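Working notes for the structure below.
The values are calculated or read from the model by the stated rules, or taken from the named source; none is laboratory data. Everything numeric in this text was worked out from a predicted model, so none of it was measured. Cβ placement follows ideal geometry from the backbone for every residue including glycine, while neighbour counts extend to all protein chains displayed. With ligands, DNA and RNA removed, areas are computed over all heavy atoms of the protein, side chains included. Shrake-Rupley method; radii C 1.70, N 1.55, O 1.52, S 1.80 Å.
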Amino acid sequence: MLLLGAADGDERRFECPNEFHMDRPNVREHVAFGRGVHSCPGAPLVRADGRITLERMLDRLADIQISEAKHGSGEPSV
Ligand code: HEM
């Protein structure tokens, strides 16, 4: 079985794969929606959903921070 999520988490392909970087130079190479003839036909809908969700959140929230007390420092715990 092919695990697309594992491919997108491959650090040989994507530096720091567990971090959210919108400006990755190879951002368009991810396979979250598959690839080829069976790639996801719902992708444009979901991308629009995501954009609208983020825009609405940012319209309402001026200062967003991750709580280190709840979520840790972001450093991997090995
Ligand atoms: C974040 C949301 C979604 C993700 C991550 C996602 C991901 C995927 C992936 C990876 C595939 C390819 C699977 C494979 O290679 O066999 C796929 C196929 C498909 N997706 Fe999505 N999908 C999402 C949302 C949607 C939505 C909203 C719809 C419909 C409105 C949809 C409809 C389909 C259909 C019909 C296929 C089969 C395409 C085919 O086999 O030709 N998906 N999706």
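Here are the numbers:
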{"item": "Rough spin-label spacing in nm, given labels placed 7 Å along Cα→Cβ, for Cys40 and Leu2", "result": "1.5"}
{"item": "Ratio Rg/Rh, restricted to the chain and using Cα atoms, in which Rh is the Kirkwood radius", "result": "1.02"}
{"item": "Apportionment of accessible area to carbon and sulfur, the chain, percent (1.4 Å)", "result": "56"}
{"item": "Computed [θ] at 222 nm, helices only, for the chain once each DSSP H run of length n ≥ 4 contributes -39500 (n - 2.57)", "result": "-10000 deg cm²/dmol"}
{"item": "Cβ-based net charge around Asp49, under 12 Å, with every Lys or Arg adding one and every Asp or Glu removing one", "result": "+2"}
{"item": "Solvent-accessible heavy-atom area per residue, rounded to whole Å², over the chain at 1.4 Å", "result": "96"}
{"item": "Farthest positive-ward along the chain dipole, Cα basis, beta-carbon charges - from Thr53, Cys16, Ala69", "result": "Thr53"}
